[in-house]
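Visitor: Sending over a structure as structure tokens; questions will come in a sec.
The values are calculated or read from the model by the stated rules, or taken from the named source; none is laboratory data. The structure presented is a predicted model; accordingly, all values stated were derived computationally and were not measured. Ligands, DNA and RNA are excluded from the accessible area calculation, which covers all protein heavy atoms including side chains. Shrake-Rupley method; radii C 1.70, N 1.55, O 1.52, S 1.80 Å.
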Amino acid sequence: MCDEGRGYRRTMAEPPPEPRPPSWAGAPGYSPYSDDLPPHAPMPGAPPYPAAPDPGRAPVARPRARTRFRAALGATAVWAAVNVVLVLLVSGAPDGAEALGRFVGGLLVVTSAAALALWLVARRRTWSFWMLVVVAAPLFWVLRAVLLAASATT
């Protein structure tokens, strides 16, 4: 029986058509026996897969290492000690308690200000002590020169 232009209509007595193989059936790597093997089975005689490594602790849980103010103060104190030695070698000990107080007070102000500036630069990550000493040198000596120039004018 034919419907006008609609093609062939199957009757109940006819068997269903044969299933056609998929279009990729002839592609490289295609095996018609895929139903016989379990998925992702290793080849016969192959060694077992290695165990997955333990991922360990998540890096988010660990706090980042940072430079402490105490390390910055210690690095700046190295230059304060160098300053004391240079002053003693060049001009000798300060004359009297007032001169000694001004020298020590100025040294403490410069050391703490340079340590604070150094810590503000280095606080985000861990720096080695000797790297802190190298970076502290220009901070300390510039602040020391500014303080000496300011105290000489007053």
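Visitor: With all protein chains present and a 1.4 Å probe, how do Leu120, Leu143, Leu89, Leu107 order by accessible area, largest first? Before the final figure, lay out the partial values.
Guide: Numbers: Leu120 90, Leu143 65, Leu89 135, Leu107 20 Å².
Heavy-atom accessible area, descending, gives Leu89, Leu120, Leu143, Leu107.
Visitor: For Arg123, what accessible surface area do you get with a 1.4 Å probe? Give it in Å², rounded to 10.
Guide: About 80 Å², ignoring ligands and nucleic acids.
Visitor: Just reorder Thr154, Thr126 by solvent-accessible area, largest first, 1.4 Å probe, all chains present.
Guide: On the way: Thr154 140, Thr126 85 Å².
Highest to lowest solvent-accessible surface, that is Thr154, Thr126.
Visitor: Convert each backbone phi in the stretch 85-94 into a coupling constant with the Karplus relation 6.51 cos²θ - 1.76 cosθ + 1.60 (shift: θ = phi - 60°), then list the ³J(HN,Hα) values in order as whole Hz, x for Gly and Pro.
Guide: 5, 5, 5, 5, 6, 7, 10, x, 6, x
Visitor: Counting only the heavy atoms of the protein chains, how much of Val109 is accessible to a 1.4 Å probe, in Å² to the nearest 10?
Guide: Using a 1.4 Å probe on the heavy atoms, I get roughly 90 Å².
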